[in-house]
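The next block holds one structure in the form of structure tokens; read it before the comments.
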Amino acid sequence: MLSDLLHALRHGLDQLRYFRHTHSPMSPWRATLNDLSRATEQEAARYGVVASVDRRRAYQVARMVISNRHGEHLSDQVPDASIAYSPPSAATFHNGKRSYAAPVQRRRDFLVHPQTLAYLLTPPRLSRLGLGGSSAGGLVVIEPDDSADVALKTVMARLQKFSAGKAPTADLRSYAGVLLKLHAGLPTEKPAPDLEDPVEQAA
């Protein structure tokens, strides 16, 4: 723990925040990390391995597999983006005819995928109602077979139905506009800016 503290002090506020999340008795992640560490050590014991878990590594893993407030996991909320990051195994890759993109490129593809963007850009009040997740091939409430010029009122009506009429109209209109822009795609083919990878920061 002392070495982690010294590392955090040398590398600034972000690392100090991670130190607090991983080691502080008041950390909101404490129970999750304890459970994950205990489960990992029990699983390791099945292999005859007796070792303790690095809490910073446990924090990284916990952030990737923790469910949201509705008990839904990220891979289920952004399925197409998840496949871009972790493509399924296929014979064409194993026989050498195709190759997977480098992990750093797949991670970037995940971060800039429209499903990931839609999930992250969901207004908080709509997030609390469970909106923001997409089905395979879709984008939240925009279906795979919807045209590029699907109407704003159509998207708003679908969002309102999903929220059982509990969502504020202003939030619905704003979010529907975001979804339509993501659905339409980039106006010109320009390289996307590099996004800061929070998992790399925590390493």
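Only one of the listed residues (Ile142, Ile66) is crowded, with 19+ Cβ neighbours inside 10 Å and either in the same structural domain as Tyr175 (by TED's automatic domain parsing) or touching a helix residue (DSSP H, G or I) at 6+ places or on another chain (Cβ under 9 Å) (or both). That residue is Ile142. Comparison of Arg158, Arg106, Arg63 shows that the only residue that is in contact (Cβ under 8 Å) with a residue 12 or more places away in the chain and more than 14 Å from the chain's Cα centre (by Cα) is Arg158. For segment 172-188, a tally of residues being within 15 Å of Ala118 (Cβ to Cβ) and part of a loop (DSSP other than H, G, I, E, B) returns 2. Considering segment 53-171, the qualifying helices (runs of 4 or more DSSP H), each wholly inside and each with 3 or more residues that are modelled with pLDDT under 85, run over 55-65, 91-94.
The values are calculated or read from the model by the stated rules, or taken from the named source; none is laboratory data. Just so you know, these numbers come straight off a predicted model, no measurement behind them. Cβ coordinates were reconstructed from backbone atoms using ideal geometry, including for glycine residues, and neighbour counts include every protein chain displayed.
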